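> Got a structure for you, questions after.
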Amino acid sequence: MAGAPVWHMSPWNPSRRFSMPTPYRNFAFLLTAAALAAACSDDGTSFQNPQELSCDLDMRFLASGGVGIDAIPALTNPGAVGIDDPAVAFIEEENRVVGIILNGEPIAIPHNVLWWHEIVNLDAGGTRVAVTYCPLTGTSMGFDRAKADGAELGVSGLLFQSNLVMYDRNRPDISHWPQIMGESRCGPRTGTSLDAVAVLETTWAGWKSLHPNTRVIFGDPRGGNRDYRIFPYGNYEDLHNPLFFEPFPDLDNRRPPKERVLGIPGRNGDLATAFPFNDLDEEGSLTARHLTHGGEEIVVLWDGVREGAMAYKARVNGAPVTLAPDGIDGFRDVETGSLWLLNGRAVEGPMAAQGAMLEPVADAIVAFWGAWAAFHPESQVDLH
């Protein structure tokens, strides 16, 4: 594609700009295949033909992403450093990170790294998890790998409804796991679901303010042709950009295609529910929404400064917790007057003295609305 570059602004970070050639093509493959190829290492040489697989999926929407197995190289136990280490100087304050608490230690995995690797396998003290991010569907998810016998998860090169399809590396007859489903749908492990592990997606500045002692993954120590400062997908994340990797279901036009939402899957007769970031922010820079979902009382917290949303069970030690925004930084409960932050930790008052933490709804995920609606077409949209 020829032509002078045109600058685009991210809908969530107006200070962040990225360029792509113009004219802009209206077919998703030309955008995403180029980006995927840019993310490749030399490792991926084996291409899979989706039509040769036996899958419990609508095969119309399973496709090759244009790269082979491991061409996008997942990381396993990469190095982690402190927030002031020069190795993470590439992360801007407004860049997004996926944060996880692993054996009591906060760890941040920047989107900058996940754009190029998509999966980070972490082992600590007998715990084996995977932190995953699909740039095409905007989905941040954590998984306990125990039900896959602790297998390292890798990038298969396949996509289902534009979403990353993972594979397990510990047996020759591999199984395939669409990320959003969190379940094997092809191969000998078909029907096996991975347990969700809670992750919290915020800006880098926001995560550091919540966890100043955090460690951060700085990328592939082997190097390669990756510049973690560069977003390789052009203006793909623009709010109203309708493109997803084809084949893809018809778009649900209730919200802009690339608006980030916090999605909670349906359970116990209740429909899946999406909480759009723009709507949460319009309600206030801090927002707390209480609702009953799947027979449980939960609360969805939004922090506009940190650009993050998370769902929690609204009880601690069996007692209800009713939260409302307080000031510019946190949420105060009406029961004890304690102050809580977006990460679910009480930092002031009687509950802080007890070291209280809210229990996250582990399978709540951040996603682009278009992708969330494709996997949850019955989803309701929670608006203020």
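The values are calculated or read from the model by the stated rules, or taken from the named source; none is laboratory data. Values in this document were obtained by computation on a predicted structure and should not be read as measured data. We place every Cβ from the backbone using ideal geometry, glycine too, and count neighbours over all the protein chains shown. Surface accessibility is based on the protein's heavy atoms, side chains included, excluding ligands, DNA and RNA. Shrake-Rupley method; radii C 1.70, N 1.55, O 1.52, S 1.80 Å.
> Select the strands (runs of 3 or more DSSP E) contained entirely in segment 85-124, then report the ones holding at least 2 residues which are within 15 Å of the chain's Cα centre (by Cα) and at pLDDT below 95.
No strands (runs of 3 or more DSSP E) qualify here.
> Given the conditions (1) within 24 Å of Glu237 (Cα to Cα); (2) surrounded by fewer than 21 Cβ atoms within 10 Å (Cβ to Cβ), report the number of the one that Trp204 does not fulfil.
Looking at each condition in turn, Trp204 falls short on (2).
> Of Val165, Val155, which residue is modelled with pLDDT of 95 or more, over 16 Å from Leu122 (Cα atoms) and among the aliphatic types (A, V, I, L, M)?
Val165
> For Lys147, all conditions in the list (1) of a type outside the set (Asp, Glu); (2) open to solvent by less than 10 Å² (accessible area, probe 1.4 Å); (3) in contact with a Ser or Thr (Cβ under 7 Å, 6 or more places away or on another chain) hold save one; what is the number of the exception?
Tallying (1) of a type outside the set (Asp, Glu); (2) open to solvent by less than 10 Å² (accessible area, probe 1.4 Å); (3) in contact with a Ser or Thr (Cβ under 7 Å, 6 or more places away or on another chain), Lys147 fails exactly one: (2).
> Report yes if some residue within segment 360-374 is open to solvent by 70 Å² or more (accessible area, probe 1.4 Å) and within 25 Å of the chain's Cα centre (by Cα); otherwise report no.
no
> Let me ask you something else. Does Gly142 qualify as being at pLDDT 95 or above, in a strand (DSSP E or B) and not aliphatic (A, V, I, L, M)?
Judged against the criteria, Gly142 is a match.
> Something else: Please go through segment 317-359 and pick out each residue that is touching a Phe, Trp or Tyr at 6+ places or on another chain (Cβ under 8 Å), in a strand (DSSP E or B) and surrounded by fewer than 16 Cβ atoms within 10 Å (Cβ to Cβ).
Residues satisfying the conditions are Ala324, Val347.
> Got a sec? Which of Asp227, Asp220 is open to solvent by less than 40 Å² (accessible area, probe 1.4 Å), over 15 Å from Arg145 (Cβ atoms) and not β-branched (Val, Ile, Thr)?
Testing whether each residue is open to solvent by less than 40 Å² (accessible area, probe 1.4 Å), over 15 Å from Arg145 (Cβ atoms) and not β-branched (Val, Ile, Thr) leaves just Asp220.
> List pairs: first residue in segment 32-61 and under 17 Å from Met166 (Cβ atoms) and modelled with pLDDT of 50 or more, second residue surrounded by 19 or more Cβ atoms within 10 Å (Cβ to Cβ) and of a type in the set (Ser, Thr, Tyr) anywhere in the structure, Cβ distance under 7 angstrom, at least six positions apart or on different chains.
Gln48/Ser156
> If I filter segment 289-300 for residues that are aliphatic (A, V, I, L, M), within 28 Å of Leu136 (Cβ to Cβ) and in contact (Cβ under 8 Å) with a residue 24 or more places away in the chain, do I get at least one hit?
Yes, that holds for at least one residue.
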